[in-house]
Amino acid sequence: MTNALEELPQRAVAANGHRAGAENGLVAPAATAKSRPHTLLLVPVAAGIALAIHFFITRHQLSAGQYYWLFLFIVLGAGLVGAALYPFFSGLRERMHNLSAIFAAAILLLGLWEVITSGLRLLPLPYFPSPAAILDSMINDRGLLFDSTWHSLMMLMNGYVLGVIVGLISGVCIGWSSSIRYWGMPVLKIVGPIPATAWIPLAMVISPSTAVSSAALIALAVWFPVTMLTASGISNTRASYLDVARTFGAKESYLIFRVAIPAAMPNIFIGLFMGLGASFLTLVVAESVGVKSGLGWYVSWAQGWAEYGKVYAALVIMAGFFSSLMTLLFKVRDIVLVWQKGIIKW
């Protein structure tokens, strides 16, 4: 018993030393050194299944969907290369561990989609084209799609930036000044909840051009959530922060820009995210009504010609386009609110 008690401190010291060495990179954890075969093979196996499905369905016309063949072979090759490099790069191991299942499920979903559309023909054509047809439409019409994406990006940025600027100014004023809040909050509560798309008929009459009216509608859609969340964050700034600043002789401008606005940044970013989501919807609707360029216009144009492969191609680009902008805003949020890392997750 005495020997066992004497060994306990030594074991604790050894365990602490091993843990510290692992944290400093001196001792590799056993879990990191082991590879996960199921993680390595998820994407290649899924790509192989999708290739087999595509070959079986198009075996009598192998020239069909040539871009889809190339896409699946690229995915298969990338999966095999990732599996080969898996033991050597810790960052790659982490990414494959987190994303392999998602990518494999997406590839299998493409295979299932092809079985339902081109194989069993359970969905009516041309309204539900196969993945190969969508990819062909995307590549064959890449010039017009790129031009439409560029116009949508410019219009979205113009409207979003304008809405954010106006929303931040009005939100700070309403949140800080009680007199401005008295007059501004009723207007905000009445005008704000009205969907921006409901103003399209009036905007087309008042605005000198459809591009200006579309940007104004996007700005209106962004303005309401940014203003509301900014005003809420400013008005809920802790009084102790303001009292400490006043004790050191801070002026009102210092209280607003150096105390209230930094304290309200979490709320402001929530408003920015909500405004960005609202701007996507307004952009597509506004482009489909009067604008002669952009992804929304492209969808309406392709639908008019019953080119549903192009419609789905535009939807895929929209998904990547909007998701990229949302991810970029998340990156900006992480940089500005670095103090929230590990504390708040949203």
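The values are calculated or read from the model by the stated rules, or taken from the named source; none is laboratory data. Quick caveat, the model's predicted, so the values are computed rather than measured. Note that each Cβ is placed from the backbone with ideal geometry, even for glycine, and that neighbours are counted across all protein chains shown.
Within region 162-172, the set of residues being of a type in the set (A, V, I, L, M, F, W, C) and either exposed (fewer than 11 other Cβ atoms within 10 Å of the Cβ) or in contact (Cβ under 8 Å) with a residue 24 or more places away in the chain (or both) comprises Leu162, Val164, Val166, Leu168, Val172. The residue list Phe269, Phe273 contains one member that is more than 19 Å from Leu217 (Cα to Cα) and of a type in the set (Phe, Trp, Tyr), which is Phe269. So for region 185-195 (the condition being under 30 Å from Lys292 (Cβ atoms), at pLDDT below 95 and among the aliphatic types (A, V, I, L, M)), does at least one residue qualify? Yes.
Taking residues in region 309-325 that are modelled with pLDDT under 95, and partners anywhere that are surrounded by fewer than 22 Cβ atoms within 10 Å (Cβ to Cβ) and of a type in the set (Asp, Glu), the pairs with Cβ atoms closer than 6 Å and at least 6 places apart or on different chains are Lys310/Asp141.
Scanning region 241-290 for residues that are without any contact (Cβ under 8 Å) to a residue 12 or more places away in the chain and crowded, with 18+ Cβ neighbours inside 10 Å yields a total of 0.
Given the condition farther than 29 Å from Leu80 by Cβ and of a type outside the set (D, E, K, R), answer yes or no: does some residue in region 96-118 qualify? Full working, then the answer.
To start, the set of residues in region 96-118 that are farther than 29 Å from Leu80 by Cβ comprises none.
Within region 96-118, not a single residue is farther than 29 Å from Leu80 by Cβ and of a type outside the set (D, E, K, R).
When the residues of region 235-273 are narrowed to those that are aliphatic (A, V, I, L, M) and touching a Leu at 6+ places or on another chain (Cβ under 7 Å), which ends up farthest from Ser214 (Cα to Cα)? The residue in question is Ala245. Considering only region 242-265, how many residues are in a helix (DSSP H, G or I) and closer than 30 Å to Val187 by Cα? Going through region 242-265 one residue at a time, the tally reaches 14.
Looking only at residues in region 84-143 that are of a type in the set (Ser, Thr, Tyr) and loosely packed, with under 14 Cβ neighbours inside 10 Å, the one that is modelled with the highest pLDDT is Tyr127.
If I filter region 77-119 down to residues being assigned to a loop (DSSP other than H, G, I, E, B) and in contact (Cβ under 8 Å) with a residue 24 or more places away in the chain, which single residue comes out as farthest from Ala133 (Cα to Cα)? Step through it out loud before you land on a result.
As a first pass, look at region 77-119 and keep what is assigned to a loop (DSSP other than H, G, I, E, B): 86-89.
The next check asks that each one be in contact (Cβ under 8 Å) with a residue 24 or more places away in the chain; those that pass are 86-87.
On the way: Tyr86: 34, Pro87: 37 Å.
Result: Pro87.
What's the total number of residues in region 44-83 that are of a type in the set (A, V, I, L, M, F, W, C) and at pLDDT below 80?
Total meeting the criteria: 2.
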